[in-house]
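One structure, as structure tokens, below. Some questions next.
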Amino acid sequence: MNAHAAATRSGRLQSDGLHALSAAVYWLAPPLLCLAIFWRGLLAWFQGDDFAWLALRLHVHDWQTIMHALFAPMAQGSIRPWSERGFFMVFESLFGVNALPFRIWVFLTQFANLALVAAIARRMTGSRMVGFWAAILWMVHSSLVLPMVWTSVYNQVLCGFFLLSAFWFLLRYIETGRRSECVGQWVMFILGFGALEINVVYPAVAALYTYLCARKYFRTTLPLVIPSVLFVVLDRLAVPSQQGGLYALHWTSAMARTFVIYCHQTFAPTEVAFWIKGGPDILLTIALGGAIIGFATARMHRGDRLPLFCLGWFAILLAPVLPLRDHASPYYLSLPTIGLAILGGYALVCAWHGSAAWKTVATVLVTTYLAVMVPVDWIAMEWWGQRSWAVERTVLGAVRARQLHPQEAILLDGVDSTVFWSGIFHYPFTLFGVSNVYLTPQSERHIEPRPELGRISDYMLPSGPTVHGLNDNQIVVYRVGPDRLKAITSRYLDTTAQDLSLEPPQRVDAGNPLMAYLLGPEWYALEGGSRWMPRRATLRIGAPQSPSAKLFLSGFCSESQLRAGPLPVRITLAGTALPEFTLNCSATQFHAILALPGHLIGTKWLDLAVESGRTFRAGHDGRELGLSFGTFEIRE
Amino acid sequence: MAIERAALQHLILIVPLLFSASFATGCKNGEPDLTGRTEEEAASPRAAAGIQVADPRAAPQLVSGWWDVEDHAWRWTARKFAVVLRAPIGAARRGATLRFSFTLPDAALNRFKSVTLSASVEGTPLAPETYREPGPKVYARDVPSNLLSAYSVRVDFKLDRAFSPGNGDPRELGLIAHRLGLESQ
């Protein structure tokens with residue numbers, strides 16, 4: 001008897017051990033595989049839009065500015081307090097400008113998503129293996145590359161978390177009928193609005209599932225529409241539709257074309273997988289897409305409506321981005337493909353229970369899918385990772401250069417398109433309290449222009465000030481290299497600088513000490529990033545090169561000065577007076593654009609005089625103050 | 001419910017691991033150590049072509065005839081004073097302009113009616129200039145390229161007169177110097 005009990009106990013222990021091992025593999029395999037494939041994303045640095053979110057901290061001083069930073073529409077009018085503003089502000093306040101904690105948090109959220117996908121698929125199909133394969137098939141999809149490497153795209157990951165959590169609560173509500181599960185669904189759904197606008201479609205997902213698979217609960221999902229409608233109305237009121245540009249909405253037949261493009265990209269990510277372009281990609285789309293559709297059709301004939309729901313998930317989650325005709329991005333597929341991954345896992349497990357032929361077909365298709373997606377993930381992660389590390393080398397190198405040269409301006413030479421548009425364009429140096437970092441003259445020759453984003457010249461120090469700064473040892477020059485920034489001031493002085501033009505630039509920044517040599521003796525000393533003048537001051541500026549060129553002015557005038565009425569300002573260029581303009585009481589920061597007479601074209605430079613109609617004296621400051629500038633720029 | 005419990009149990013293994021790594025590597029601890037982020041030039045500090053005479057970095061270029069910095073902004077010169085300047089960019093081809101910004105003090109002109117400033121570059125004299133009014137002045141002279149072929153040049157200045165402030169101050173004072181330099185042409 002005792003021997004029998006011991007044997008039974010031993011058998012139970014063995015069985016428990018196996019069960020624990022199997023559970024460990026089941027839940028840990030997807031996150032560990034995720035780490036194995038996307039590990040570069042864990043080590044990636046900041047890039048692109050990340051710097052705009054990191055810079056929010058600089059504008060937060062009190063509750064009012066916190067609320068503005070969290071909820072004011074920004075970046076195409078989006079309001080994403082949890083996934084962008086709040087996420088960046090909290091993590092930056094805890095960890096500073098250190099990317100690793102941000103990346104770890106993104107990975108943790110994604111691990112939770114993988115567990116939710118597995119749990120949801122398991123609940124919907126009753127099969128543990130469907131859950132496992134659904135998580136794996138979704139995790140390797142190429143649309144997840146960007147969310148896994150670029151912190152600004154955390155909105156996709158977090159929105160996925162809220163959507164999946166809400167849906168998971170719905171499934172539990174259907175299973176248990178407990179009110180608390182329904183409340184959980186509502187809470188996660190409402191929170192999802194703070195992650196990404198795509199959250200508005202959740203009621204459609206919930207309604208479709210209950211209509212197809214749990215009709216009794218269909219009516220309980222209808223009130224979910226109310227928050228979505230309110231969100232859309234409020235969002236449209238706060239943010240008018242974009243009339244042009246990449247983010248303009250096109251409610252036209254182009255949506256069908258966009259849908260087809262996304263369907264193709266779902267199975268054949270040709271943006272990276274160039275080796276399948278021109279034929280194999282179409283075959284792949286037909287084979288994988290056909291298999292999915294075929295499986296869904298066969299199941300529906302047997303009265304199984306779950307495949308229809310999975311296809312519906314794909315279409316519903318994709319629908320909000322279809323009007324973005326000119327901005328079809330692979331990462332927009334990251335949430336829709338959850339539906340297809342569940343369907344794929346379902347098909348795989350069903351096939352595995354079928355004949356040898358079905359097993360073979362399923363194995364070939366899944367292997368093909370993995371053989372395309374995993375290399376694509378690998379290559380794309382390498383590219384995005386390298387891009388972020390190139391930005392890191394440049395930015396932290398410039399910060400180090402500032403530590404070593406606290407008084408000199410820093411010139412960066414050899415900056416390419418990648419580092420410029422994903423780093424320097426966002427001027428990340430301010431995050432470290434560093435200013436006076438410029439590109440060397442003629443840097444635009446190595447950077448692809450993107451006028452829709454901005455002007456490269458705004459980031460360059462013109463030749464004349466560069467020569468003056470180098471002569472006075474006010475500049476250090478660093479070359480952007482593959483490993484780190486390399487100081488090349490002496491070499492630059494002896495070579496490239498010898499051929500630089502001394503002509504005055506067409507943009508004179510009165511607040512830049514390197515351009516002080518262009519200012520007349522009337523100007524007062526530099527104060528922050530600007531400079532006051534008395535009633536009249538002069539400067540030298542590069543002449544216009546075309547008849548359409550205009551003079552752009554930006555500066556500041558005192559509020560007390562404007563109380564006496566509109567303030568007239570007169571500009572004289574090479575002795576020719578331009579039409580007088582006035583500043584009124586609504587703006588202390590002013591911008592003015594003045595047309596230029598044609599005869600000024602052709603000369604190399606012009607003497608400019610600016611005269612303020614009134615002056616004032618502030619407190620104990622005995623100086624006569626006119627206006628504070630600012631920049632003077634001649635351009636088209 | 002067992003399925004979610006199992007998921008939690010296993011994910012909990014990863015979460016603390018990643019979090020401790022996060023805090024260990026990420027916590028704010030003052031300035032980040034950026035040593036090694038740049039590769040610096042081995043060369044010794046360069047002389048400048050143009051200097052603010054009160055700038056401490058310019059002190060090694062002030063060869064002789066300079067008194068201490070006053071008000072963080074200027075220096076008195078003696079009657080004779082000299083400076084070493086780097087030849088500016090393009091000077092070996094196009095020459096340069098020597099520009100010296102200074103203030104002629106009332107104290108000097110009260111005594112002498114006029115003061116004449118002369119300069120020489122590497123021993124080659126430039127045209128002198130005589131000043132009869134006090135106040136801010138600029139002495140500017142073109143310097144031919146043949147005098148600027150070397151990496152740096154010595155510029156000697158000389159005043160025809162200097163004065164002593166008295167009151168126990170033994171210094172011989174000439175001008176109040178602000179900035180001087182060779183500028184590219």
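The values are calculated or read from the model by the stated rules, or taken from the named source; none is laboratory data. Just so it is clear, the structure is predicted and the values come from calculations on it, not from any experiment. FYI the Cβ positions are ideal-geometry reconstructions off the backbone, even for glycines, and counts take in every protein chain you see. Note: areas computed on protein heavy atoms with side chains; ligands, DNA, RNA excluded. Shrake-Rupley method; radii C 1.70, N 1.55, O 1.52, S 1.80 Å.
Looking at the range A:114-135 only, could you name the residues that are open to solvent by 10 Å² or more (accessible area, probe 1.4 Å) and under 30 Å from the mean Cα position of the chain (by Cα)?
Just the residues of the range A:114-135 that are open to solvent by 10 Å² or more (accessible area, probe 1.4 Å), to begin with: A:115-116, A:122-129, A:132-133.
The answer is A:A115, A:L116.
So which of B:R93, B:R171 is within 13 Å of chain A (Cβ to nearest Cβ), open to solvent by 40 Å² or more (accessible area, probe 1.4 Å) and either of a type outside the set (D, E, K, R) or over 22 Å from the mean Cα position of the chain (by Cα) (or both)? Talk me through it step by step, then tell me what you get.
Details: B:R171 fails: within 13 Å of chain A (Cβ to nearest Cβ).
None of the other options fit; the residue is B:R93.
If the Cβ limit is 8 Å and pairs must be 6+ apart or interchain, which residue in the range A:383-399 that is more than 13 Å from every other protein chain (Cβ to nearest Cβ) pairs with which residue that is surrounded by 20 or more Cβ atoms within 10 Å (Cβ to Cβ) and among the acidic types (D, E)?
Going by the 8 Å Cβ cut-off, there are no qualifying pairs.
Still on this structure, please answer the following. For the range B:73-90, what are the residues that are of a type in the set (G, A, S), in a strand (DSSP E or B) and within 14 Å of chain A (Cβ to nearest Cβ)?
In the first step, residues of the range B:73-90 are kept if they are of a type in the set (G, A, S); the result is B:73, B:78, B:82, B:87, B:90.
Imposing the further condition that a residue be in a strand (DSSP E or B) reduces the set to B:78, B:82.
Across the range B:73-90, there are no qualifying residues.
I've got another one for you. Quick one: in the range A:30-49, of everything that is open to solvent by 20 Å² or more (accessible area, probe 1.4 Å) and within 14 Å of chain B (Cβ to nearest Cβ), which residue is nearest to A:T418 (Cα to Cα)?
Out of the qualifying residues, it is A:L43.
Suppose we keep only residues that are in contact with a Gly (Cβ under 6 Å, 6 or more places away or on another chain) and within 8 Å of chain B (Cβ to nearest Cβ) within the range A:472-490. Which one would you say is surrounded by the most Cβ atoms within 10 Å (Cβ to Cβ)? Lay out the reasoning, then the answer.
Residues of the range A:472-490 in contact with a Gly (Cβ under 6 Å, 6 or more places away or on another chain): A:472, A:475, A:479-480, A:484-485.
Within this subset, residues satisfying the condition of being within 8 Å of chain B (Cβ to nearest Cβ) are A:472, A:484-485.
Values: A:D472: 24, A:R484: 18, A:L485: 27.
The selected residue is A:L485.
Also, I was wondering about something else. A:L562: at pLDDT 90 or above and either farther than 17 Å from A:L518 by Cα or among the hydrophobic types (A, V, I, L, M, F, W, C) (or both), yes or no? Let's see the steps before the verdict.
Numbers: at pLDDT 90 or above: no; either farther than 17 Å from A:L518 by Cα or among the hydrophobic types (A, V, I, L, M, F, W, C) (or both): yes.
Considered against the rule, which asks whether it is at pLDDT 90 or above and either farther than 17 Å from A:L518 by Cα or among the hydrophobic types (A, V, I, L, M, F, W, C) (or both), A:L562 comes out as no.
With a cut-off of at least 2 residues that are open to solvent by 60 Å² or more (accessible area, probe 1.4 Å) and of a type outside the set (S, T, Y), name the strands (runs of 3 or more DSSP E) lying wholly within the range B:106-164. Steps first, answer last, please.
Values: elements: B:115-121, B:124-131, B:135-143, B:152-159.
Fully inside the range B:106-164 and qualifying: B:124-131, B:135-143, B:152-159.
Next question, about the same structure. State whether one or more residues within the range A:68-83 are closer than 19 Å to A:P101 by Cβ and open to solvent by 10 Å² or more (accessible area, probe 1.4 Å).
yes
Which residues, counting only those in the range A:172-184, are in contact with a helix residue (DSSP H, G or I) (Cβ under 6 Å, 6 or more places away or on another chain) and either surrounded by 21 or more Cβ atoms within 10 Å (Cβ to Cβ) or among the charged types (D, E, K, R) (or both)? Before the answer, list the steps.
Within the range A:172-184, the subset in contact with a helix residue (DSSP H, G or I) (Cβ under 6 Å, 6 or more places away or on another chain) is A:172-174, A:181-182, A:184.
Listed by number, the residues that qualify are A:R172, A:Y173, A:E181.
Only one of A:V229, A:V272, A:V225, A:V233 is open to solvent by 30 Å² or more (accessible area, probe 1.4 Å), farther than 30 Å from A:G126 by Cβ, modelled with pLDDT of 95 or more and under 31 Å from the mean Cα position of the chain (by Cα); which? Spell out how you get there, then give the answer.
Numbers: A:V272 fails: modelled with pLDDT of 95 or more; A:V225 fails: farther than 30 Å from A:G126 by Cβ; A:V233 fails: modelled with pLDDT of 95 or more.
Exactly one residue qualifies, and that residue is A:V229.
Next question, about the same structure. For the range A:189-198, does any single residue satisfy the condition of being in a loop (DSSP other than H, G, I, E, B) and open to solvent by 20 Å² or more (accessible area, probe 1.4 Å)?
First, pick out the residues of the range A:189-198 that are in a loop (DSSP other than H, G, I, E, B): A:193-196.
Filter again for open to solvent by 20 Å² or more (accessible area, probe 1.4 Å), leaving A:193.
So far as the range A:189-198 goes, yes, one or more of its residues are in a loop (DSSP other than H, G, I, E, B) and open to solvent by 20 Å² or more (accessible area, probe 1.4 Å).
So, in the range A:496-516, how many residues would count as being among the hydrophobic types (A, V, I, L, M, F, W, C), in contact with a Leu (Cβ under 9 Å, 6 or more places away or on another chain) and either more than 26 Å from A:V419 (Cα to Cα) or more than 11 Å from chain B (Cβ to nearest Cβ) (or both)? Explain how you work it out, then say what you get.
From the range A:496-516, those among the hydrophobic types (A, V, I, L, M, F, W, C) are A:497, A:500, A:502, A:508, A:510, A:514-516; that's our starting set.
Subsequent filtering for residues that are in contact with a Leu (Cβ under 9 Å, 6 or more places away or on another chain) retains A:497, A:500, A:508, A:510, A:514-516.
Now narrow it down to the ones that are either more than 26 Å from A:V419 (Cα to Cα) or more than 11 Å from chain B (Cβ to nearest Cβ) (or both): A:508, A:510, A:514-516.
Within the range A:496-516, residues that are among the hydrophobic types (A, V, I, L, M, F, W, C), in contact with a Leu (Cβ under 9 Å, 6 or more places away or on another chain) and either more than 26 Å from A:V419 (Cα to Cα) or more than 11 Å from chain B (Cβ to nearest Cβ) (or both) number 5.
If you don't mind, there's one more thing I want to ask. Here are some residues: A:L493, A:L519. Which one is surrounded by 16 or more Cβ atoms within 10 Å (Cβ to Cβ), in contact with a Leu (Cβ under 8 Å, 6 or more places away or on another chain), aliphatic (A, V, I, L, M) and within 11 Å of another protein chain (Cβ to nearest Cβ)?
Working: A:L519 fails: within 11 Å of another protein chain (Cβ to nearest Cβ).
Answer to the check: A:L493.
Follow-up. Out of contact with any Gly (no Cβ under 8 Å at 6 or more places or on another chain), open to solvent by less than 20 Å² (accessible area, probe 1.4 Å) and either of a type in the set (V, I, T) or modelled with pLDDT under 95 (or both): is that true of A:A52 in this structure?
Values: out of contact with any Gly (no Cβ under 8 Å at 6 or more places or on another chain): yes; open to solvent by less than 20 Å² (accessible area, probe 1.4 Å): no; either of a type in the set (V, I, T) or modelled with pLDDT under 95 (or both): yes.
For A:A52, the condition - out of contact with any Gly (no Cβ under 8 Å at 6 or more places or on another chain), open to solvent by less than 20 Å² (accessible area, probe 1.4 Å) and either of a type in the set (V, I, T) or modelled with pLDDT under 95 (or both) - is not met.
Let me ask something additional. If a residue has to be polar (S, T, N, Q), in contact (Cβ under 8 Å) with a residue 60 or more places away in the chain and within 17 Å of B:E172 (Cβ to Cβ) to count, how many in the range B:63-102 make the cut? Working first, answer last.
Applying the first criterion (polar (S, T, N, Q)) to the range B:63-102 yields B:64, B:77, B:97, B:101.
From what's left, in contact (Cβ under 8 Å) with a residue 60 or more places away in the chain: B:77, B:97, B:101.
Now narrow it down to the ones that are within 17 Å of B:E172 (Cβ to Cβ): B:77.
Count: 1.
I would also like to ask the following. Output the residue which, of all residues in the range A:429-468 that are within 14 Å of another protein chain (Cβ to nearest Cβ) and touching an Asp or Glu at 6+ places or on another chain (Cβ under 8 Å), is surrounded by the fewest Cβ atoms within 10 Å (Cβ to Cβ).
Checking each candidate, the answer is A:S463.
Also, I was wondering about something else. Can you find a residue in the range A:390-413 that is assigned to a helix (DSSP H, G or I), within 27 Å of A:L246 (Cα to Cα) and either of a type in the set (S, T, N, Q) or open to solvent by 10 Å² or more (accessible area, probe 1.4 Å) (or both)? Full working, then the answer.
From the range A:390-413, those assigned to a helix (DSSP H, G or I) are A:390-404; that's our starting set.
Cutting the leftovers down to within 27 Å of A:L246 (Cα to Cα) gives us A:390-391.
Those left that are additionally either of a type in the set (S, T, N, Q) or open to solvent by 10 Å² or more (accessible area, probe 1.4 Å) (or both): A:390.
Among the residues of the range A:390-413, at least one is assigned to a helix (DSSP H, G or I), within 27 Å of A:L246 (Cα to Cα) and either of a type in the set (S, T, N, Q) or open to solvent by 10 Å² or more (accessible area, probe 1.4 Å) (or both), which makes the answer yes.
Which strands (runs of 3 or more DSSP E) does the range A:513-562 wholly contain that include 1 or more residues that are among the aromatic types (F, W, Y)? Please lay out each step first, then the result.
Values: elements: A:530-532, A:536-542, A:550-556.
Of the strands (runs of 3 or more DSSP E) lying wholly inside the range A:513-562, those with at least 1 residues that are among the aromatic types (F, W, Y) span A:530-532, A:550-556.
Any idea which of A:L625, A:L600, A:L594 is closer than 18 Å to A:E522 by Cβ and not acidic (D, E)?
Numbers: A:L600 fails: closer than 18 Å to A:E522 by Cβ; A:L594 fails: closer than 18 Å to A:E522 by Cβ.
Within the list A:L625, A:L600, A:L594, the selection yields A:L625.
Going residue by residue through the range A:89-107, is there one that turns out to be open to solvent by 10 Å² or more (accessible area, probe 1.4 Å), part of a helix (DSSP H, G or I), more than 8 Å from chain B (Cβ to nearest Cβ) and in contact (Cβ under 8 Å) with a residue 60 or more places away in the chain?
No; the residues of the range A:89-107 include none that is open to solvent by 10 Å² or more (accessible area, probe 1.4 Å), part of a helix (DSSP H, G or I), more than 8 Å from chain B (Cβ to nearest Cβ) and in contact (Cβ under 8 Å) with a residue 60 or more places away in the chain.
Can you tell me which residue in the range A:400-410 is nearest to the other protein chains (Cβ to nearest Cβ), limited to those that are touching a residue at least 40 places away in the same chain (Cβ under 8 Å) and closer than 15 Å to A:Y427 by Cβ?
My answer is A:I410.
Can you name the condition, by its number, that A:G290 falls short on among (1) surrounded by 12 or more Cβ atoms within 10 Å (Cβ to Cβ); (2) touching a residue at least 40 places away in the same chain (Cβ under 8 Å); (3) farther than 20 Å from A:L317 by Cα?
Result: A:G290 passes all but (2).
Identify, please: which residue in the range B:60-72 is surrounded by 15 or more Cβ atoms within 10 Å (Cβ to Cβ) and within 23 Å of B:S149 (Cα to Cα) and is, among those, farthest from the other protein chains (Cβ to nearest Cβ)? Spell out how you get there, then give the answer.
In the first step, residues of the range B:60-72 are kept if they are surrounded by 15 or more Cβ atoms within 10 Å (Cβ to Cβ); the result is B:61-62, B:65-67, B:69.
Pick out the ones that are also within 23 Å of B:S149 (Cα to Cα) and you get B:61-62.
Values: B:Q61: 10, B:L62: 14 Å.
Among those that are surrounded by 15 or more Cβ atoms within 10 Å (Cβ to Cβ) and within 23 Å of B:S149 (Cα to Cα), it is B:L62.
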